[in-house]
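I'd like to ask some things about the structure below.
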Amino acid sequence: MDTEVYTNDLHEALMKKNNTDFWNCWKSKFEVKSKCSQVDGYVDRNVIADKFANHFKDTFFSNSPIKAESIKRDYTALRARYNGLPLTEAQYFDVELVSKTIANLKRGKAVDIEGISAEHLQFSHPCLPALLAKLF
(Lines give C-alpha, C1' and ligand atoms only; values in the text may rest on other atoms or scores of the structure.)
Protein backbone atom coordinates (compact mmCIF):
# COMPACT_ATOMS: atom_id res chain seq x y z
CA MET A 1 0.00 0.00 0.00
CA ASP A 2 2.86 2.40 0.86
CA THR A 3 4.48 1.78 -2.51
CA GLU A 4 1.23 2.51 -4.30
CA VAL A 5 0.74 5.80 -2.41
CA TYR A 6 4.16 7.27 -3.16
CA THR A 7 4.15 6.13 -6.76
CA ASN A 8 0.74 7.75 -7.25
CA ASP A 9 1.93 10.99 -5.64
CA LEU A 10 5.07 11.02 -7.78
CA HIS A 11 3.09 10.13 -10.90
CA GLU A 12 0.55 12.89 -10.34
CA ALA A 13 3.24 15.52 -9.74
CA LEU A 14 5.08 14.37 -12.85
CA MET A 15 1.95 14.34 -15.00
CA LYS A 16 1.04 17.86 -13.85
CA LYS A 17 4.59 18.91 -14.78
CA ASN A 18 4.94 20.48 -11.37
CA ASN A 19 8.66 20.21 -10.68
CA THR A 20 8.46 21.60 -7.16
CA ASP A 21 5.80 19.11 -6.04
CA PHE A 22 7.58 16.24 -7.77
CA TRP A 23 10.93 16.88 -6.10
CA ASN A 24 9.35 17.61 -2.70
CA CYS A 25 7.52 14.29 -2.95
CA TRP A 26 10.70 12.53 -4.11
CA LYS A 27 12.71 13.94 -1.20
CA SER A 28 10.06 13.01 1.35
CA LYS A 29 9.94 9.41 0.11
CA PHE A 30 13.51 8.58 -0.80
CA GLU A 31 16.05 10.87 0.83
CA VAL A 32 17.56 9.91 4.15
CA LYS A 33 16.45 12.31 6.84
CA SER A 34 19.23 11.59 9.31
CA LYS A 35 22.89 10.98 8.72
CA CYS A 36 25.00 8.48 10.61
CA SER A 37 26.82 10.34 13.35
CA GLN A 38 28.56 7.43 15.04
CA VAL A 39 30.58 4.36 14.13
CA ASP A 40 30.86 1.54 16.65
CA GLY A 41 29.65 3.97 19.30
CA TYR A 42 32.31 6.61 18.52
CA VAL A 43 31.35 10.15 17.50
CA ASP A 44 34.80 11.79 17.30
CA ARG A 45 35.71 12.31 13.63
CA ASN A 46 39.36 11.48 14.18
CA VAL A 47 38.57 8.21 15.94
CA ILE A 48 36.10 7.29 13.17
CA ALA A 49 38.69 8.11 10.47
CA ASP A 50 41.24 5.94 12.29
CA LYS A 51 38.74 3.09 12.50
CA PHE A 52 38.16 3.25 8.72
CA ALA A 53 41.92 3.43 8.07
CA ASN A 54 42.51 0.40 10.27
CA HIS A 55 39.67 -1.45 8.56
CA PHE A 56 41.23 -0.89 5.12
CA LYS A 57 44.68 -1.75 6.46
CA ASP A 58 43.43 -5.01 7.97
CA THR A 59 41.32 -5.90 4.93
CA PHE A 60 43.99 -5.52 2.28
CA PHE A 61 46.93 -7.76 3.02
CA SER A 62 48.90 -10.43 1.22
CA ASN A 63 48.22 -14.10 1.88
CA SER A 64 51.96 -14.75 1.71
CA PRO A 65 54.12 -12.00 3.24
CA ILE A 66 57.30 -13.71 1.96
CA LYS A 67 56.03 -13.77 -1.64
CA ALA A 68 54.76 -10.17 -1.34
CA GLU A 69 58.20 -9.02 -0.15
CA SER A 70 59.87 -10.91 -3.01
CA ILE A 71 57.61 -9.26 -5.59
CA LYS A 72 58.22 -5.86 -4.03
CA ARG A 73 62.01 -6.34 -4.21
CA ASP A 74 61.78 -7.38 -7.88
CA TYR A 75 59.58 -4.41 -8.69
CA THR A 76 61.87 -1.97 -6.89
CA ALA A 77 64.93 -3.35 -8.71
CA LEU A 78 63.22 -3.07 -12.11
CA ARG A 79 61.91 0.41 -11.38
CA ALA A 80 65.37 1.69 -10.46
CA ARG A 81 66.57 0.85 -13.99
CA TYR A 82 63.47 2.14 -15.80
CA ASN A 83 64.00 5.34 -17.76
CA GLY A 84 60.58 5.65 -19.33
CA LEU A 85 59.83 7.38 -22.58
CA PRO A 86 60.47 11.09 -23.04
CA LEU A 87 57.20 13.00 -22.86
CA THR A 88 56.26 15.89 -25.08
CA GLU A 89 54.44 18.91 -23.64
CA ALA A 90 51.08 17.54 -24.86
CA GLN A 91 51.61 14.19 -23.12
CA TYR A 92 51.95 15.49 -19.57
CA PHE A 93 49.25 14.55 -17.11
CA ASP A 94 46.86 17.26 -16.00
CA VAL A 95 44.64 17.34 -12.92
CA GLU A 96 41.47 16.60 -14.90
CA LEU A 97 42.96 13.46 -16.46
CA VAL A 98 44.21 12.18 -13.11
CA SER A 99 40.83 12.93 -11.45
CA LYS A 100 38.88 11.10 -14.15
CA THR A 101 41.26 8.15 -14.05
CA ILE A 102 40.92 7.80 -10.27
CA ALA A 103 37.12 8.12 -10.46
CA ASN A 104 36.95 5.37 -13.12
CA LEU A 105 39.06 2.84 -11.22
CA LYS A 106 37.21 -0.39 -10.46
CA ARG A 107 36.60 -0.98 -6.78
CA GLY A 108 37.11 -4.26 -4.98
CA LYS A 109 40.31 -5.14 -6.83
CA ALA A 110 43.67 -6.20 -5.38
CA VAL A 111 45.99 -3.63 -3.88
CA ASP A 112 49.20 -2.57 -5.59
CA ILE A 113 52.72 -3.32 -4.44
CA GLU A 114 52.50 -0.55 -1.81
CA GLY A 115 49.14 -1.78 -0.49
CA ILE A 116 47.11 1.02 -2.10
CA SER A 117 43.69 0.18 -3.53
CA ALA A 118 41.31 2.10 -5.77
CA GLU A 119 39.25 2.87 -2.68
CA HIS A 120 42.24 4.55 -1.02
CA LEU A 121 42.60 6.91 -3.99
CA GLN A 122 38.87 7.52 -4.46
CA PHE A 123 38.22 8.35 -0.81
CA SER A 124 41.39 10.38 -0.30
CA HIS A 125 41.61 14.16 0.03
CA PRO A 126 40.38 16.05 -3.08
CA CYS A 127 43.82 17.62 -3.58
CA LEU A 128 45.40 14.22 -4.40
CA PRO A 129 44.87 14.46 -8.21
CA ALA A 130 46.62 17.85 -8.24
CA LEU A 131 49.58 16.45 -6.30
CA LEU A 132 49.81 13.37 -8.52
CA ALA A 133 49.59 15.44 -11.71
CA LYS A 134 52.43 17.62 -10.44
CA LEU A 135 54.64 14.52 -9.95
CA PHE A 136 54.43 13.64 -13.62
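Could you count how many residues in the range 73-115 are more than 12 Å from the chain's Cα centre (by Cα), modelled with pLDDT of 85 or more and under 24 Å from HIS55 (Cβ atoms)?
Looking only at that region, the number is 1.
Still on this structure: Which ones in the range 1-27 are at pLDDT 70 or above and surrounded by fewer than 10 Cβ atoms within 10 Å (Cβ to Cβ)?
Selection gives MET15, LYS17, THR20.
Where in the range 91-136 are there helices (runs of 4 or more DSSP H), lying fully within it, with 1 or more residues that are closer than 23 Å to ALA68 by Cβ, without any contact (Cβ under 8 Å) to a residue 24 or more places away in the chain and not small (Gly, Ala, Ser)?
Numbers: elements: 95-103, 118-122, 128-135.
Filter on the range 91-136 gives 118-122.
Now for a different question. Pull up the range 28-60, narrow it to residues that are of a type in the set (S, T, N, Q) and in a loop (DSSP other than H, G, I, E, B), then point me to the one that is modelled with the highest pLDDT. Can you show your working first?
The initial filter retains those residues of the range 28-60 that are of a type in the set (S, T, N, Q), namely 28, 34, 37-38, 46, 54, 59.
Within this subset, residues satisfying the condition of being in a loop (DSSP other than H, G, I, E, B) are 34, 37-38.
On the way: SER34: 64, SER37: 74, GLN38: 79.
Checked the range 28-60; the qualifying residue modelled with the highest pLDDT is GLN38.
The values are calculated or read from the model by the stated rules, or taken from the named source; none is laboratory data. Bear in mind the structure is a predicted one, so any value in this text is a computation, not a measurement. Ideal geometry is used to build each Cβ from the backbone, glycine not excepted, and the neighbour counts take in all protein chains shown.
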